[in-house]
1. Report, by residue number, each residue of the stretch 1-28 that is outside any loop (DSSP other than H, G, I, E, B) and modelled with pLDDT under 75.
2. Condition (residue is aromatic (Phe, Trp, Tyr), open to solvent by 100 Å² or more (accessible area, probe 1.4 Å) and outside any helix (DSSP H, G or I)) applied to the stretch 35-56: is it met by at least one residue?
3. Out of the residues in the stretch 2-34 that are open to solvent by 100 Å² or more (accessible area, probe 1.4 Å) and of a type in the set (Ser, Thr, Tyr), state the one that is farthest from Gly56 (Cα to Cα).
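The values are calculated or read from the model by the stated rules, or taken from the named source; none is laboratory data. Just so it is clear, the structure is predicted and the values come from calculations on it, not from any experiment. Just so you know, the surface numbers come from the protein's heavy atoms only, side chains and all, with ligands and any DNA or RNA stripped out. Shrake-Rupley method; radii C 1.70, N 1.55, O 1.52, S 1.80 Å.
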Amino acid sequence: MPTLKLLVGAALLAVTTAACATAPAAPAYDPAPPPARRPDAKTQLEYGNPPPPPPGRY
């Protein structure tokens, strides 16, 4: 019977420890779009300069 109490106590301690564990922090959300890539010299020679980027939403 003392072994059963010890096993129940250890299981309760393990469950309590697992319930208190914290999740890793989420990465920060950046609402800005990534910067546009500039075309290389060959692309500019073949297709010309790209049109300007559209205005932002805000």
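1. The first filter runs over the stretch 1-28 and keeps only residues outside any loop (DSSP other than H, G, I, E, B), leaving 2-20.
Hits for the stretch 1-28 are Ala19, Cys20.
2. no
3. Thr3
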